[in-house]
1. Of all residues being among the charged types (D, E, K, R) and not in a loop (DSSP other than H, G, I, E, B) in the range 137-164, which is most open to solvent (accessible area, probe 1.4 Å)? Just the residue, please.
2. At pLDDT 95 or above, touching a helix residue (DSSP H, G or I) at 6+ places or on another chain (Cβ under 7 Å) and not hydrophobic (A, V, I, L, M, F, W, C): does that describe residue 181?
3. Go through the range 327-341 and give me each residue that's within 17 Å of residue 354 (Cβ to Cβ) and open to solvent by 30 Å² or more (accessible area, probe 1.4 Å).
4. With respect to the numbered conditions (1) over 29 Å from residue 174 (Cβ atoms); (2) in contact with an Asp or Glu (Cβ under 8 Å, 6 or more places away or on another chain), which one is the sole condition not fulfilled by residue 333?
5. Taking residue 31, is it surrounded by fewer than 16 Cβ atoms within 10 Å (Cβ to Cβ) and at pLDDT below 95?
6. From the residues in the range 280-326 that are charged (D, E, K, R) and outside any strand (DSSP E or B), which one is most open to solvent (accessible area, probe 1.4 Å)?
7. I need the full set of residues from the range 281-333 which are of a type in the set (D, E, K, R), without any contact (Cβ under 8 Å) to a residue 40 or more places away in the chain and either within 21 Å of residue 349 (Cβ to Cβ) or in contact with a Lys or Arg (Cβ under 8 Å, 6 or more places away or on another chain) (or both), in order please.
8. I need the full set of residues from the range 37-63 which are part of a loop (DSSP other than H, G, I, E, B) and closer than 18 Å to residue 98 by Cα, in order please.
Amino acid sequence: MTRFDARSLMSWAAAGLVVLAVAAVWIAAQADPSETIAAVDVNKLPVGQPAPELHAKGWLNSPPLTGKDLAGKVVVYDFWTYSCVNCVRTLPFVRAWWDRYQKDGLVVIGVHSPEFDFEKDHGNVQQAVARLGVTWPVALDDDMAIWGDFNNRYWPAKWITDRQGHIRYFHPGEGNYAETENVIRTLLGVSPSAARADDPKEPKQAPAEVSQTITQETYLGTERGSVAQAGEHTYTLGPLELHQPALAGTWDAEPELIRSVSPGASLSLEYLAREINLVMAPGAPGGAPVDVTVELDGKPLPPPYRTADTRVDPDGTTSVRVSASDLYRLVLGPRVEQHTVRLTPRTPGLEAFAYTFGA
């Protein structure tokens, strides 16, 4: 599911961005926005108000960009954060647009608005930008000022302005890539017969009736999660309930995260999904990596369920190595199924923030 914050949604409808009214319907339905937002007529895009100036805390891949720098350009403002799996999955499409349409007057600005404190570390973001192949300008929005100025509520979200700087299109979440490219081409004045951007081969989406039934994003810290009490406590693992994480051993809980304390402490979850990911960190910045044993239904991950992050020991034990504050892919199965995943840090100090899932 796409991450969103519905606590203070501000409508741009008064400025002509009627697509946001449709987004509000999605919030009420708690559905995937790519499944519910109606197609737009790219030749009759509403004209919104001018995009706000960017009050960034820093820039990567570019000097600071002002309204003067962007005058006469079509700009895609891509709101993202590097530990958000939904955001990462959109990057190949953003890259394709950037590579294809720069010469036609397109500017892409990745607005990096962090969800967790470790994403405010510019060194962490710089490493992620390099690893993910983000070559376009990135505005570091540590205090969510740009997020607030746009009244944005989604990771990821695309806001597109015309050459006069007026907002003409908005899309929250993944998907609708062809439509978004059509908007870019129309605003740039690219000939319909001109070559399109490379196609990153969008994976086939699960039907809405499937994606809406899987386990939803699950936070582990005390601010938004319920798995742990604040402070250090020892837990005994009882019967598991679907969609509910459970702890065993000693864990320390803070608003954003839980931290393993005792040897053998474990985190278990019975889930319904095809894909399961977890944002984790090795504890103190610059600390030693933490290897985490990953078991599916009490056994090592079978080959069809392993991910790019899976490590296999000589004895067949499966694990992931947590060496930085980032998103780690735990399980990627052949289809949506119900399983129990158990994580056991091999050394204390593992920090766990939030699970995300995919169909």
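The values are calculated or read from the model by the stated rules, or taken from the named source; none is laboratory data. Predicted model only: the values in this text are computed from it and were never measured. Glycine gets a Cβ as well: all are built from the backbone with ideal geometry, and neighbour counts include every protein chain shown. Each accessible area value is taken on the protein alone, full model and side chains, heavy atoms only, with ligands, DNA and RNA left out. Shrake-Rupley method; radii C 1.70, N 1.55, O 1.52, S 1.80 Å.
1. First, pick out the residues of the range 137-164 that are among the charged types (D, E, K, R): 141-143, 149, 153, 158, 162-163.
Subsequent filtering for residues that are not in a loop (DSSP other than H, G, I, E, B) retains 149, 158.
Numbers: 149: 68, 158: 8 Å².
So, considering only residues that are among the charged types (D, E, K, R) and not in a loop (DSSP other than H, G, I, E, B), the one most open to solvent (accessible area, probe 1.4 Å) is 149.
2. Working: at pLDDT 95 or above: yes; touching a helix residue (DSSP H, G or I) at 6+ places or on another chain (Cβ under 7 Å): yes; not hydrophobic (A, V, I, L, M, F, W, C): yes.
It is true that residue 181 is at pLDDT 95 or above, touching a helix residue (DSSP H, G or I) at 6+ places or on another chain (Cβ under 7 Å) and not hydrophobic (A, V, I, L, M, F, W, C).
3. To start, the set of residues in the range 327-341 that are within 17 Å of residue 354 (Cβ to Cβ) comprises 327-331, 341.
Result: 329, single match.
4. (1)
5. Details: surrounded by fewer than 16 Cβ atoms within 10 Å (Cβ to Cβ): no; at pLDDT below 95: yes.
So residue 31 fails the test.
6. Residue satisfying both the conditions and the ranking: 315.
7. Initial filter on the range 281-333 (of a type in the set (D, E, K, R)): 291, 295, 297, 299, 306, 309, 311, 313, 315, 321, 326, 329.
If we keep only those that are without any contact (Cβ under 8 Å) to a residue 40 or more places away in the chain as well, we get 299, 306, 309, 311, 313, 315, 321.
Answer for the range 281-333, where residues must be of a type in the set (D, E, K, R), without any contact (Cβ under 8 Å) to a residue 40 or more places away in the chain and either within 21 Å of residue 349 (Cβ to Cβ) or in contact with a Lys or Arg (Cβ under 8 Å, 6 or more places away or on another chain) (or both): 309, 311, 313, 321.
8. Of all residues in the range 37-63, those part of a loop (DSSP other than H, G, I, E, B) come to 37-49, 51-58, 61-63.
Correct list: 61, 62, 63.
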